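The values are calculated or read from the model by the stated rules, or taken from the named source; none is laboratory data. What you see is a predicted model; the values in this text were computed from it and never measured. A quick note on method: Cβ atoms are made from the backbone with ideal geometry, for glycine too, and the neighbour counts reach across all protein chains shown.
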């Protein structure tokens, strides 16, 4: 193990490039999966079964199969289909394949979190809104969802932190994320120093996210107490 300052400084530029790729996957996944998860959550509790059934199947499918298997299917499987059928638009580069797979996977998990949060709101809220002349859509977006947000922050926090660690799976299809950079450096220099540095960076990211979500949870809890 080589922990000399010169060697660490030599590794840092490549690790920072890998970190940029890791953070890009993380941010794009959140931007896509959070709203998509809400769509599937609302679909899962919809009274319109042609919408409800496919939403529930989607959530079941993506929560019930490994993320790595989904990644292989999107990158390699769709590539095989594209080559055999001539549907070239199905062939994805590595980075888009990772982002699409992660977004679809995490949308399913967020959908279940949203659904549980929405269904935890007392039914009396719906009756009160109906008495005031609110439509079902307005009731959902103006009354129910804002209350549910306060309750889903802890599980969303857990999934977000899990996402940070899951980004490391991108290296299985040779995306140059932080773990792949560390692995390449370790194989080249026969030392675990790069792995240690990568682990410290992952820990720093999860620490920051934990603090941010704790602040959000405290803020929403304070507002809820003031409302009461």
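Results, tabulated for the structure shown:
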item	result
Criterion violated by residue 209 - all others in (1) within 18 Å of the chain's Cα centre (by Cα); (2) farther than 30 Å from residue 46 by Cβ; (3) buried (at least 18 other Cβ atoms within 10 Å of the Cβ) satisfied	(3)
Given (1) modelled with pLDDT of 95 or more; (2) touching a helix residue (DSSP H, G or I) at 6+ places or on another chain (Cβ under 9 Å), index of the condition residue 15 fails	(1)
Filter pass, residue 153 being within 18 Å of the chain's Cα centre (by Cα), buried (at least 18 other Cβ atoms within 10 Å of the Cβ) and under 30 Å from residue 220 (Cα atoms)	yes
Only listed residue being over 29 Å from residue 182 (Cβ atoms) and part of a loop (DSSP other than H, G, I, E, B), chosen from 121, 113, 145, 152	121
Which numbered condition residue 103 misses (of (1) farther than 30 Å from residue 177 by Cβ; (2) touching a helix residue (DSSP H, G or I) at 6+ places or on another chain (Cβ under 7 Å))	(1)
Boolean, residue 74 is in contact (Cβ under 8 Å) with a residue 12 or more places away in the chain and under 16 Å from the mean Cα position of the chain (by Cα)	no
First in segment 41-58 and on the phi > 0 side of the Ramachandran plot and assigned to a helix (DSSP H, G or I), second anywhere and modelled with pLDDT under 90 and surrounded by 14 or more Cβ atoms within 10 Å (Cβ to Cβ), Cβ under 9 Å, 6 or more apart	none
Qualifying residues in segment 80-99 (those that are assigned to a helix (DSSP H, G or I) and in contact with a helix residue (DSSP H, G or I) (Cβ under 6 Å, 6 or more places away or on another chain)) - the one nearest to residue 138 (Cα to Cα)	99
Test: residue in segment 107-125 that is farther than 26 Å from residue 57 by Cα and at pLDDT 90 or above	no
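Residues are listed down the side, and each one gets a yes or a no for (1) more than 18 Å from residue 22 (Cα to Cα); (2) surrounded by fewer than 16 Cβ atoms within 10 Å (Cβ to Cβ); (3) free of Cβ contacts under 8 Å to residues at least 24 places away in the same chain:
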| position | (1), (2), (3) |
| --- | --- |
| 148 | yes, no, no |
| 165 | no, yes, no |
| 179 | no, no, no |
| 185 | no, no, no |
| 188 | yes, yes, yes |
| 218 | yes, yes, yes |
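Conditions (1) crowded, with 16+ Cβ neighbours inside 10 Å; (2) under 22 Å from residue 156 (Cβ atoms); (3) under 23 Å from the mean Cα position of the chain (by Cα); (4) at pLDDT 85 or above, marked per residue:
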| residue | (1), (2), (3), (4) |
| --- | --- |
| 87 | no, no, no, no |
| 90 | no, no, yes, no |
| 93 | no, no, yes, yes |
| 96 | no, no, yes, yes |
| 103 | yes, yes, yes, yes |
